Amino acid sequence: MTSSSNVKIVPVKTKKQLRQFINFTLKLYKGNPYYVPELASDTRATLTTNPALKFCQAQPFLAFKDGKVAGRVVALINPRANQTWNTKDVRFNWIDFIDDYEVCKALMDAVAEWGKQRGMNRIEGPIGFIDYDREGCLVEGFDKMSTMSLAYCYPYYSEYLDRYGMEKIVDWVEYRIRMPEETERFSRMADIISRRYDLHLKIFKNNKDLKENGAKDIFKLLNDCYAKLYGFSHLDDDQVQNLINNYIPFVDVNMLPTIYDKDGNLVGCAIMIPSLAKAMQKTGGHLFPFGWWHLLKALKFKYDDTIEFLLVGVSPEFRGKGLNALIVSSVFPYARKKGFKWCETNANLESNASVQALWKSFDHEQVKRRRSYIKPIA
């Protein structure tokens, strides 16, 4: 146990402490209309049974003030990422705290000291074990509802991280896109692109077909697509299988278009889902007793008016050649028939010109910005 002023930092070691860690944000954001909780079962699994823990080190911490939980954070070291980028970074994520700079400082000091003891020389984050974890500190868009896959936070978070001496390393931006009523021009473009490069679009028959015949290829493609993007960490077979088991059963295959070349190689894909933000709010972060029903209803029966554009990947040799037209011409007409009016993107790296270019053809608005920071360890 360490302390800073009247703040005490405790490493999470017991089941009770882990419950306190998981439930802290539910109290911190109670009544906030923009906060979307992460499922408690997902957070617990990420910190206890995550395949990344086979090669990563991680330590959750709790901050106490006046005998009450006042903050939380996870310190983690991903040696694969450090080797890839030739760094010695200790990452931090799942960071939340009350409006008190001393609590923020104590949490960050704990991460820095934990990393220093293990030979690290910089502190970086918020960023998780892999790119599919929630990442980034919100710096714009505090009056917009978060999405299922990204974390909300209060404005004072970034203010206190700045005060601590953290400096921007990257920003991500998020867009809200009006679903086009007319997609014929994308269909014409898709036909031209398909014939020019001898490509064909494939929609899997059902989730079983996707899981058995396409899911691994999709994550292999995403490994290749994201290899040069900030924070990348190669997914091994166990991590891929974990993602397949957790998420593929819930995907609507009509919102997961895949593109293959003449030799049968997967060269492009996108993953979209009906927005689960409002349903996640109703769950209160728990599947039981009735949380599962809210999620099932949002996925299968009573859709929100928004879809979430989670991922898009195009192999390097086909970037800039219009493959997004095949994706749009496939998904958007289907989404319109289902009653969707809007599309909310995942966090797109501000510096990723290829993905930023995707939205120029649509009526779009930037609605959020989030940031990852870095600081040398003294």
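Just so it is clear, none of the values below were taken in a lab; they were calculated from the coordinates. Keep in mind it's a predicted model, so treat the numbers as computed, not measured. Quick reminder, even Gly has a Cβ in these numbers, built from the backbone with ideal geometry, and neighbours come from all protein chains shown.
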Using a cut-off of 13 Å between beta-carbons, work out the net charge of the residues near residue 79 (Lys and Arg +1, Asp and Glu -1, residue 79 not included).
+3
Pairing the Cα long axis of helix 101-116 with the longest principal axis of the chain, what angle in degrees results, from 0 to 90 and rounded to the nearest 10?
80 degrees
Which whole number of Å³ per residue matches the convex hull of the alpha-carbon atoms in the chain?
135 Å³
If you fit an axis through the alpha-carbon atoms of helix 215-225 and take the longest principal axis of the Cα set of the chain, what angle between them do you get, 0 to 90°, nearest 10?
70 degrees
Expected unfolding gain across residue 53-residue 117 under the 0.36 nm per residue rule, minus the alpha-carbon gap, is 21.2 nm
Whole Å is fine, so just give me how far the alpha carbon centre of region 158-216 lies from that of region 339-378.
11 Å
Quick one: if the Förster radius is 35 Å, what FRET efficiency do residue 14 and residue 213 give, using the C-beta to C-beta distance and rounding to 0.05?
0.20
For region 310-326, what does the Karplus curve 6.51 cos²θ - 1.76 cosθ + 1.60, with θ = phi - 60°, yield as ³J(HN,Hα) per residue in whole Hz, taken in order and with x for Gly and Pro?
6, 9, 9, x, 10, 4, x, 6, 10, 5, x, 10, x, 5, 4, 5, 5
Suppose the chain between residue 303 and residue 220 were pulled fully straight at 0.36 nm per residue; how much longer would it get relative to their current alpha carbon spacing?
26.8 nm
Magnitude of the Cβ-charge dipole of region 2-174, K/R +1 and D/E -1, about the Cα centre, nearest 20 debye?
960 debye
Interatomic Cα distance distribution for region 2-174, bins of 10 angstrom, percent
10, 40, 40, 10, 0
To test your reading of the geometry: what angle, between 0 and 90 degrees and rounded to tens, separates the Cα axis of helix 291-300 from the longest principal axis of the chain?
20 degrees
With a Förster distance of 25 angstrom and the Cβ-Cβ distance between residue 317 and residue 195, calculated FRET efficiency to the nearest 0.05 equals 0.90
Rough spin-label spacing in nm, given labels placed 7 Å along Cα→Cβ, for residue 88 and residue 241:
3.5 nm
Antiparallel DSSP bridges in region 177-368: what percent, to the nearest 5?
80 percent
Rounded to the nearest 20 Debye, what is the dipole magnitude of the chain about its Cα centre when Lys and Arg each give +1 and Asp and Glu each give -1 at the C-beta?
740 debye
Out of the DSSP beta bridges found with both residues in the chain, what percent are antiparallel (nearest 5)?
90 percent
Within region 85-116, list the residues whose amide N lies under 15 Å from a label point set 7 Å along Cα→Cβ of residue 163.
97-109
Quick one: divide the alpha-carbon radius of gyration of region 1-67 by 2.2 N^0.38 Å and tell me what you get.
1.26
Using only the Cα atoms of region 177-368, what are the Rg and Dmax in Å?
16.7, 53
Give 8/116; 15/368; 13/68; 116/278; 338/368 a once-over and call out the pairs whose C-alpha atoms are over 29 Å from each other.
15/368; 116/278
Just subtract the alpha-carbon distance of residue 296 and residue 341 from 0.36 nm times their residue separation and send over the number in nm, one decimal.
14.2 nm
